[in-house]
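The values are calculated or read from the model by the stated rules, or taken from the named source; none is laboratory data. As the structure is a computational prediction, the values presented were derived from the model and not from experiment. Virtual Cβ from ideal backbone geometry, glycine too; neighbours counted across all protein chains shown.
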Amino acid sequence: MLNRYPLWKYLLVLVIVLGGAFYAAPNLYAPDPALQVTGESSATLVDDRLVEKATQALGEAGIEYFGETLDPDGRNALIRLREQDQQLRAQAVVSRAVGDAYIVALNLAETTPDWLTDLGGQPMKLGLDLSGGVHFKLEVDIDAAIDRRMEYYLNTTKRMLREDRIRGFIALDGARTVQGRFRSEADREAARKLIADEFPELLLDRVDTEDEWVIRASMTDASVDEIVDYSVSQNLTTLRNRVNELGVSEPLVQRQGKNRIVVELPGIQDTAEAKRILGKVANLEFRLVANADAPPSERQRFEYRSPDRAGVTENLERDVIITGERVSNAQASFDQNGQPNVQISLDSEGGTLMSRATRNNIKRRMGVLFIERKFRTRYEKDENGEEVVVKIPYDEKKLLTAPVIQSALGAQFQITGLDSPMEASELALMLRAGALAAPISFVEERTVGPSLGADNIRLGIKSVQYGLGLVVLFMVLYYRVFGVAAVIALSANLVLLVAFMSIIGATLTLPGIAGIVLTVGMAVDANVLIFSRIREELNNGLSPQMAIHSGFERAVATILDANITTLIVAVILYAVGTGPVKGFAVTLSVGIVTSMFTAIMGTRALVNLFYGGRRVQKLAIGRDITAGESA
């Protein structure tokens with residue numbers, strides 16, 4: 001038995017290893033710490049003057065920077081920093097310089113050469129505990145959710161009484177009560193029946209005065225708890241959808257406490273976009289334009305944004321036809337004139353409500369109101385005299401368009417009057433991901449990376465180096481030439497592991513590094529099985545060439561059994577685990593596959609090169625063993 005591979009097998013192993021080295025190479029280029037400046041909305045562009053203002057502020061603060069670049073479309077600017085531990089201070093300095101109209105986020109600027117990226121080479125994504133990312137803690141505005149529900153109760157009650165021609169005065173009485181005052185007891189009882197049938201969850205109380213009959217409809221504690229739970233759950237789903245739209249690997253979006261949500265985005269490259277999309281409380285309201293004779297209490301004035309009607313305001317009815325919560329799908333597009341628009345699809349209830357409202361109001365105008373939660377920055381002094389940043393929330397309401405209703409609308413229609421394709425895309429993303437059931441505020445924002453991530457990376461690399469070094473020392477001293485072959489195959493295994501994880505876009509976490517260390521041991525274990533089998537065959541009297549052949553052939557079944565059972569466990573871990581557990585499972589699974597290839601084919605190819613095709617009397621495999629005896 002000559003133990004020689006055909007040429008194509010040698011070439012196959014060589015091509016796979018060289019390809020792995022190529023796709024693992026981008027991980028050798030460490031990214032530069034950077035600041036990314038992005039407009040708070042898609043319509044806000046970044047220009048050279050803004051970059052100059054930011055760099056001037058950094059220079060005055062004594063922070064070294066270089067390589068500032070401006071996106072050709074004016075969407076963002078990137079400013080690289082010399083020192084990573086200056087990022088947080090630089091962020092505060094630039095944020096104050098550019099103002100609230102721009103988001104200044106920490107980022108890592110890639111340094112991978114263009115010739116690598118042009119051929120598809122990308123560095124491996126690192127988890128939040130290694131390279132960092134962003135950690136947000138969001139608080140759901142429960143009071144706003146309750147106010148929105150009370151506004152719905154008020155408007156619906158007014159509409160029902162108007163349709164049934166019941167005369168009375170309806171208004172909010174406190175935060176959780178709608179009060180109706182009537183001139184007769186009959187009107188009050190008729191109103192009570194309507195409210196009880198429509199809103200069985202409300203608690204109804206009668207109150208009599210000298211000249212009025214009053215009814216109070218109040219929310220129960222159970223109703224309030226239901227609204228709170230619904231608002232947080234709906235916001236949780238919406239944020240998960242928005243994270244999916246961002247394409248983040250292994251994000252964490254989970255509820256914390258009664259009304260808080262934690263979002264962690266590891267390995268994300270565009271933290272400014274993440275903050276803008278996640279933090280944007282955007283919703284739509286469709287309302288009819290109020291008639292001129294409508295009383296002031298039933299209409300609201302809003303600024304009209306259409307370019308051909310700049311500076312004009314419109315009065316909208318307070319009653320809302322539908323909100324963005326009824327949108328099932330939204331896609332940015334262009335109309336026949338090449339102007340950007342958003343194609344809207346409503347759910348069944350939304351389509352019914354829209355059809356009912358528009359078929360009775362043909363030739364009237366309908367306004368599309370865009371509501372967005374924003375924040376003003378104010379700098380104050382604390383009790384120690386140190387300057388602190390205070391974010392003051394407010395709602396900005398803008399009228400996108402107010403077209404004439406030409407015919408009854410159904411579940412599908414389009415929104416026009418948008419300023420740019422980017423605005424249309426952003427609005428479509430907001431609606432497609434789902435409207436927030438209640439406004440959210442950032443109560444904590446943290447970027448992990450400069451300190452904790454660097455320490456974790458350093459310790460993780462040390463653990464791999466120590467493990468690999470001890471394994472190399474043992475294998476070379478104990479198995480000699482065969483140990484050298486195993487070490488070369490083991491090195492190729494690590495290269496292929498990193499390359500494959502880079503290609504599939506897997507995120508490496510600290511538990512993932514533990515998976516790599518475990519893979520090193522498992523890869524060597526396969527070689528130990530093969531070498532032990534070869535020594536047994538030599539002791540049984542086989543020639544060196546026959547012992548090599550038989551050792552590899554008979555050890556393969558054992559290696560496959562051991563690795564497949566481990567692979568099954570890794571798949572189960574990935575299926576039931578979350579976050580870091582999934583990272584460990586992915587690394588372990590990839591490592592099992594690559595280690596089987598390098599241990600079976602790679603080591604065999606090297607051994608064949610060392611001993612194949614020639615007459616051999618002894619094998620350097622731990623002891624000088626010849627056929628049939630021990631030396």
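Some notes on this structure:
Every residue, every condition in (1) in the same structural domain as residue 147 (by TED's automatic domain parsing); (2) assigned to a helix (DSSP H, G or I); (3) in contact with a Gly (Cβ under 9 Å, 6 or more places away or on another chain); (4) over 15 Å from residue 286 (Cα atoms), yes or no:
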| residue | (1), (2), (3), (4) |
| --- | --- |
| 342 | no, no, no, no |
| 349 | no, yes, no, no |
| 355 | no, yes, yes, no |
| 361 | no, no, no, no |
| 368 | no, no, yes, no |
| 389 | no, no, no, yes |
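- Selection over segment 169-206 of residues that are among the charged types (D, E, K, R) and outside any helix (DSSP H, G or I) gives a count of 7.
- Here is the figure for segment 162-180: residues that are surrounded by 18 or more Cβ atoms within 10 Å (Cβ to Cβ) and at pLDDT 85 or above total 3.
- Criterion (in a helix (DSSP H, G or I) and buried (at least 17 other Cβ atoms within 10 Å of the Cβ)) met by exactly one of 569, 524: 524
- Whichever residue in segment 394-405 is surrounded by fewer than 17 Cβ atoms within 10 Å (Cβ to Cβ) and either not charged (D, E, K, R) or not assigned by TED's automatic domain parsing to the domain that holds residue 330 (or both) and, among such residues, is nearest to the chain's Cα centre (by Cα): 394
- Filter pass, residue 458 being among the charged types (D, E, K, R), assigned to a helix (DSSP H, G or I) and touching a Lys or Arg at 6+ places or on another chain (Cβ under 9 Å): no
- Consider segment 308-318 and keep the residues that are among the acidic types (Asp, Glu) and surrounded by 17 or more Cβ atoms within 10 Å (Cβ to Cβ). The one that is modelled with the highest pLDDT is 317.
- Top-ranked residue in segment 125-159 [being free of Cβ contacts under 8 Å to residues at least 40 places away in the same chain and either surrounded by 17 or more Cβ atoms within 10 Å (Cβ to Cβ) or under 28 Å from the mean Cα position of the chain (by Cα) (or both); ranked as nearest to residue 254 (Cα to Cα)]: 143
- Search result, residues across segment 561-578 that are under 14 Å from residue 509 (Cβ atoms) and touching a helix residue (DSSP H, G or I) at 6+ places or on another chain (Cβ under 9 Å): 573, 574, 577
- Test: residue 62 is at pLDDT 85 or above, surrounded by fewer than 15 Cβ atoms within 10 Å (Cβ to Cβ) and not polar (S, T, N, Q): yes
- Hey, residue 372 under 19 Å from residue 415 (Cα atoms), part of a strand (DSSP E or B) and out of contact with any Gly (no Cβ under 9 Å at 6 or more places or on another chain) or not: yes
- Residue 607 passes every criterion in (1) touching a Leu at 6+ places or on another chain (Cβ under 9 Å); (2) in contact (Cβ under 8 Å) with a residue 24 or more places away in the chain apart from (1).
- Yes/no for residue 600 being surrounded by 17 or more Cβ atoms within 10 Å (Cβ to Cβ) and either at pLDDT below 85 or over 24 Å from residue 253 (Cα atoms) (or both): yes
- Residue within segment 291-307 that is among the hydroxyl-bearing types (Ser, Thr, Tyr), assigned by TED's automatic domain parsing to the domain that holds residue 366, at pLDDT 70 or above and part of a helix (DSSP H, G or I) present: yes
- Verdict on residue 530 being part of a helix (DSSP H, G or I), surrounded by 15 or more Cβ atoms within 10 Å (Cβ to Cβ) and among the β-branched types (Val, Ile, Thr): yes
- Test: residue in segment 90-110 that is more than 30 Å from residue 373 (Cα to Cα), outside any strand (DSSP E or B) and more than 27 Å from the chain's Cα centre (by Cα): no
- Restricting segment 207-222 to residues that are hydroxyl-bearing (Ser, Thr, Tyr) and in a loop (DSSP other than H, G, I, E, B), the residue that is modelled with the lowest pLDDT: 209
- Test result for residue 285, over 27 Å from residue 584 (Cβ atoms), at pLDDT below 70 and either of a type in the set (Asp, Glu) or buried (at least 18 other Cβ atoms within 10 Å of the Cβ) (or both): no
Here's the yes/no breakdown for (1) modelled with pLDDT of 80 or more; (2) over 22 Å from residue 262 (Cβ atoms); (3) not in a loop (DSSP other than H, G, I, E, B):
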residue	(1), (2), (3)
52	yes, yes, yes
67	yes, yes, yes
88	no, no, yes
123	yes, yes, no
129	no, no, no
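For every residue, the table says whether it meets (1) within 33 Å of the chain's Cα centre (by Cα); (2) modelled with pLDDT of 85 or more.
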position: 2; (1), (2): no, no
position: 15; (1), (2): no, yes
position: 22; (1), (2): yes, yes
position: 49; (1), (2): yes, yes
position: 75; (1), (2): yes, no
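Residue-wise test of (1) among the hydrophobic types (A, V, I, L, M, F, W, C); (2) in the same structural domain as residue 499 (by TED's automatic domain parsing); (3) in contact with a strand residue (DSSP E or B) (Cβ under 7 Å, 6 or more places away or on another chain).
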site: 79; (1), (2), (3): yes, no, yes
site: 85; (1), (2), (3): no, no, no
site: 89; (1), (2), (3): no, no, no
site: 96; (1), (2), (3): no, no, no
site: 102; (1), (2), (3): no, no, yes
site: 135; (1), (2), (3): no, no, yes
site: 149; (1), (2), (3): no, no, no
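- Some residue of segment 179-197 being under 30 Å from residue 261 (Cβ atoms) and either among the aliphatic types (A, V, I, L, M) or in contact with a Ser or Thr (Cβ under 9 Å, 6 or more places away or on another chain) (or both): no
- The residues on offer are 408, 428, 435, and the sole one that is buried (at least 19 other Cβ atoms within 10 Å of the Cβ) and at pLDDT 75 or above is 428.
- Screening residue 379 with (1) in contact with a strand residue (DSSP E or B) (Cβ under 6 Å, 6 or more places away or on another chain); (2) surrounded by 13 or more Cβ atoms within 10 Å (Cβ to Cβ) gives one miss only, at (2).
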